[in-house]
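Report on the structure given below.
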Amino acid sequence: MRNKMVYTFAMVVVFFSTVLNVGCTNSSTQKAPQSDEVITQAAFPADVEDKTLVTFIELGSVRCIPCQQMMPIMDSIETKYGDQVEVVFHDVWTPEGKPFGEQYGIRAIPTQVFLDENGEEFFRHVGFFAQDELEAVLKSKGVK
């Protein structure tokens, strides 16, 4: 419920902020970097259930054009795989979202981070991520 409210708010902000054509990056794919950083439980919503196979974290901004293009894909993933995939969005250009950008060491937005059922990062992508390619990543972890 909380994610849907955040998403709805984000979509309203996106609608009113489209006049701010802020450039972002083109896409590139990379494997998860090796890091000694520990992913804290704060990255997960409180209502994540045990059956969640993948947590899909979108780090971006509602003022970023490629990030705006990811919004319908995030909604589609949540609708299609909501019982297996937890979709989380952090606007890293806000004071509330900035710590998550730092936590995940992002260099460009949008960045998608995928965590397995144990909270371990197993894949990362930078830039717009086409839905069919994103779904292939989910299916690699058993999402059906």
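The values are calculated or read from the model by the stated rules, or taken from the named source; none is laboratory data. Computed from a prediction, not measured in an experiment: that's the story for all the values here. We place every Cβ from the backbone using ideal geometry, glycine too, and count neighbours over all the protein chains shown. All accessible areas refer to the heavy atoms of the entire protein, side chains included, with ligands and DNA or RNA removed. Shrake-Rupley method; radii C 1.70, N 1.55, O 1.52, S 1.80 Å.
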Is it true that Val38 is under 18 Å from Gly101 (Cβ atoms) and at pLDDT 95 or above? no
Return the only residue of Lys80, Lys98 being over 23 Å from Cys64 (Cα atoms), open to solvent by 40 Å² or more (accessible area, probe 1.4 Å) and modelled with pLDDT of 95 or more. Lys80
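Here is a yes/no grid of residues against (1) touching a residue at least 60 places away in the same chain (Cβ under 8 Å); (2) β-branched (Val, Ile, Thr); (3) not in a helix (DSSP H, G or I):
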position	(1), (2), (3)
Ile77	yes, yes, no
Asp83	no, no, yes
Val88	yes, yes, yes
Phe100	no, no, no
Gly119	yes, no, yes
Asp132	no, no, no
Gly142	yes, no, yes
Scan the range 63-75 residue by residue and report those that are under 15 Å from Phe128 (Cβ atoms), buried (at least 19 other Cβ atoms within 10 Å of the Cβ) and free of Cβ contacts under 8 Å to residues at least 60 places away in the same chain. Cys64, Cys67, Gln68, Met70
Can you tell me how many residues within the range 104-117 are of a type outside the set (Val, Ile, Thr), in a loop (DSSP other than H, G, I, E, B) and surrounded by 12 or more Cβ atoms within 10 Å (Cβ to Cβ)? 6
